[in-house]
1. Which condition breaks for B:GLY87 when tested against (1) modelled with pLDDT of 95 or more; (2) within 14 Å of chain A (Cβ to nearest Cβ); (3) within 17 Å of the chain's Cα centre (by Cα)?
2. Tally time: how many residues in the range B:79-119 are in a helix (DSSP H, G or I) and acidic (Asp, Glu)?
3. In the range B:231-257, which residues are part of a strand (DSSP E or B), in contact with a Phe, Trp or Tyr (Cβ under 7 Å, 6 or more places away or on another chain) and crowded, with 24+ Cβ neighbours inside 10 Å?
4. Being farther than 17 Å from B:THR78 by Cα, of a type in the set (A, V, I, L, M, F, W, C) and either in a strand (DSSP E or B) or open to solvent by less than 40 Å² (accessible area, probe 1.4 Å) (or both): is that true of B:VAL148 here?
5. Could you tell me which of the residues B:ASP69, B:ASP76 is part of a helix (DSSP H, G or I), in contact with a strand residue (DSSP E or B) (Cβ under 7 Å, 6 or more places away or on another chain), surrounded by fewer than 20 Cβ atoms within 10 Å (Cβ to Cβ) and not aliphatic (A, V, I, L, M)?
6. Between residues in the range B:109-132 that are closer than 18 Å to B:ASP59 by Cα and residues that are assigned to a strand (DSSP E or B) and open to solvent by 30 Å² or more (accessible area, probe 1.4 Å), which pairs lie under 6 Å by C-beta distance while being six or more apart or on different chains?
7. Say we look at the range B:281-297 and pick out the residues that are in a loop (DSSP other than H, G, I, E, B) and more than 7 Å from every other protein chain (Cβ to nearest Cβ); which of these is farthest from the chain's Cα centre (by Cα)?
8. Which of the residues spanning the range A:21-52 are at pLDDT 95 or above and of a type in the set (Phe, Trp, Tyr)?
Amino acid sequence: MTVRRIKPWVFVACLVPLGWLLWRGATGALTANPIEDITHRTGDWALRFLLLTLAITPLRRVLGWSSLASYRRMLGLFAFFYAALHLSTYLVLDFFFAFDLIFDDIVERRYVTAGFTGFVLMLPLALTSNTSMIRRLGGARWRRLHRLVYPAAVAGVVHYLWLVKIDITPPLVYAAVLTLLLGVRLWFRYAARPAASAGARATLPT
Amino acid sequence: MLIKHAPDIRSSEITPERVYRNRRQFIQAASGAVAGAVTGGTVLGHYSGTAQAQEVLQDVRKSPLSTDDEPNSYEDITTYNNFYEFGTDKGDPARYAHEMTIDPWSVRVEGAMNKPAANVAIEDLLRPHTLEERIYRLRCVEAWSMVVPWVGFPLADVIKRFEPTSKAKYVRFETLHRPEEMRGQRGRSLQWPYVEGLRMDEAMHPLTILAVGVYGKTLLNQQGAPLRLVVPWKYGFKSIKSIVKMAFVEEQPLNSWNVSIPSEYGFYSNVNPDVSHPRWSQASERRIGSFFRIRTQPFNGYADQVAGLYDGMDLAEYY
């Protein structure tokens, strides 16, 4: 099957978590504290899509499926989409624009600082994701800018790690996957390639 | 009340513990399901697979210490719980707490007291006390709150029966530790058993109660059945559940959350909007069931009654 045939289905699949959330909301299944539940679930999916996006390039290399690259932008935008839902839930549903409380929260709670930082880092990536922006920025500059996805993902995982109270196993799973995905890139860059071509291709974001 | 006369020969003397526990479990589940069917109880109906035996509590008096705030629904109160002995998700206690056996139950009372140390059967512990309904605000350290119509009696009345001596400066409490029935105790989280403590004047305060029920019925396991502490001016984790031990001690006892993360959880843990927790601002809270956050009150709105206990103390230092 071709990318063109599969892509719409991937798009629909990426909307399933949102649909599931809406369905649970409609059936009153979002626990006694629905706002907390929505916050957690949208946050989970933002992080999952971020890691999926970062998995594309290593998978493409390892499996040799070059067509995978055409899903990267969509997955990245879905990561941003769920992160935006996550942040809006916090700003609107949780705090309802109580900016004094929100400001204190962002400044004083280090996990909120980390999460907010992650979102701010993703914002320029989402805004420059379309083809005309790539052209306007030029490939090299665009790629340099989009390396912000790495600190954004780190901020997201740290955000999760810092917010759990006692059992850090779930965020450690995300941290392990992220470490793997970033480690693979380092390996590709420094170990897996002859020195000559490494220099030539080092500017490619992966 | 919960008074049941023990038979001359206890089943525990005849049948291996493991076996009768399972059998009781089965009977509890079955009777709970029947009770649900008979009363058409929507609540029990929700958990047909995990139904627990419940009794309606008789002769419950109203109390002037109750708040006028609207109580949360029974469903909210029994499905959204922090009871890490059954897992860290708030739905875990409702899912898994039925695995805990609460009958028979006894409480070990010991320490600096004139009466001899004893294992007191729950029936004997409850017998002299008149049940009261106490509708209290409950404020969790995670910045959410509920209003719960507890049924219980003043802890002070229980303490007096054991005649603590002048050496009894604190009361130390302990929760059941039974990993085979409490799956959260098998995983990585707090250190078990869960322990908590109160200063003697806090323990003797008229607002401090031991609860055995909610909404006129005995507690479900996820709420800390059969006996739990309720201290409404402190964060919820102080109100220890499923108590098996009470000790009168001279030194300030450890409390579990303080042991795990001392920088975040103190011994006193009085609700205080001005002392922030590193993870949650304590300035506001979400009342479960309401959309808008409300501002958190000092001592959870009980300052008039309890602030005097802490005169001269720096509450930022003794958080």
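The values are calculated or read from the model by the stated rules, or taken from the named source; none is laboratory data. Remember, predicted model here, so these are calculated numbers, not experimental data. Here the Cβ is made from the backbone with ideal geometry for all residues, glycine too, and neighbour counts use every protein chain on show. Ligands, DNA and RNA are excluded from the accessible area calculation, which covers all protein heavy atoms including side chains. Shrake-Rupley method; radii C 1.70, N 1.55, O 1.52, S 1.80 Å.
1. With respect to (1) modelled with pLDDT of 95 or more; (2) within 14 Å of chain A (Cβ to nearest Cβ); (3) within 17 Å of the chain's Cα centre (by Cα), B:GLY87 is out only on (1).
2. 3
3. Within the range B:231-257, B:MET246 is the sole residue that qualifies.
4. Criteria not met by B:VAL148.
5. B:ASP76
6. B:GLU132/B:ARG61
7. Per the criteria, the residue is B:PHE291.
8. Across the range A:21-52, the qualifying residues are A:TRP45, A:PHE49.
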